[in-house]
1. Going through segment 75-85 one residue at a time, which ones are within 16 Å of ligand 3 (Cβ to nearest atom) and in contact with a Cys (Cβ under 9 Å, 6 or more places away or on another chain)?
2. Taking segment 79-109 as the search range and keeping residues that are part of a loop (DSSP other than H, G, I, E, B) and either within 16 Å of ligand 2 (Cβ to nearest atom) or under 13 Å from the mean Cα position of the chain (by Cα) (or both), which one is farthest from VAL48 (Cα to Cα)?
3. Tell me which of these MET74 doesn't satisfy, since it passes every other one: (1) modelled with pLDDT of 95 or more; (2) open to solvent by 60 Å² or more (accessible area, probe 1.4 Å); (3) within 16 Å of ligand 2 (Cβ to nearest atom).
4. Just checking, how many residues over segment 36-74 are within 16 Å of ligand 3 (Cβ to nearest atom), closer than 12 Å to TYR120 by Cα and in a loop (DSSP other than H, G, I, E, B)?
5. Which number in (1) free of Cβ contacts under 8 Å to residues at least 40 places away in the same chain; (2) open to solvent by 80 Å² or more (accessible area, probe 1.4 Å); (3) away from ligand 3 (no atom under 16 Å from the Cβ) marks the one condition that GLU118 misses?
6. Return only the number of the condition from (1) more than 16 Å from ligand 1 (Cβ to nearest atom); (2) surrounded by 16 or more Cβ atoms within 10 Å (Cβ to Cβ) that GLN95 does not satisfy.
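The values are calculated or read from the model by the stated rules, or taken from the named source; none is laboratory data. For clarity, every value in this text was computed on a predicted model and none was experimentally measured. No Cβ is skipped: glycine too gets one built from the backbone with ideal geometry, and neighbour counts run over all protein chains shown. These accessible areas exclude ligands, DNA and RNA; they are computed on the full protein's heavy atoms, side chains included. Shrake-Rupley method; radii C 1.70, N 1.55, O 1.52, S 1.80 Å.
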Amino acid sequence: MALQNHLQVAKLSKQPSSDKNDASIVIHGIQLDSYGRCLHYHTNNDIVALKCAQCHQYFACYQCHDAIMSHEFMPAKPEDKSVLCGVCHHIMNYQDYSQNSCPNCHHAFNPRCALHHEIYFES
Ligand SMILES: [Zn+2]
Ligand SMILES: [Zn+2]
Ligand SMILES: [Zn+2]
């Protein structure tokens with residue numbers, strides 16, 4: 001008889017006290033402003049949040065993620081909709097994001113984010 005053992009670890013160190021409403025997207029980070037800019041990245045164009053493939057939550061940047069969570073940021077697949085515009089909350093995949101502006105509200109993104117490409121996306 002085969003014994004299947006499913007172990008699910010879903011323990012978050014700091015879980016926000018929000019009810020389960022998929023319509024409201026929460027961006028996590030340190031010293032966030034209303035557009036999702038954080039302590040680490042806060043120029044005018046640092047408005048995107050990125051989803052970690054392990055905890056499935058959006059973070060202003062990987063440094064915020066690693067400071068809040070007990071695991072390292074896990075990159076998402078490029079085809080996953082893992083990028084969130086902090087201005088209009090439009091969700092996009094890597095290809096949309098790499099156009100360097102939001103396809104919905106046309107706010108420019110920070111082109112220097114491409115330097116951290118392999119942190120946020122599987123290559
Ligand atoms: Zn994570
Ligand atoms: Zn940050
Ligand atoms: Zn937008």
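1. Selection gives SER82, CYS85.
2. Among them, the one singled out is ASP80.
3. Single failed check for MET74: (3).
4. Total satisfying the criteria: 1.
5. (1)
6. (2)
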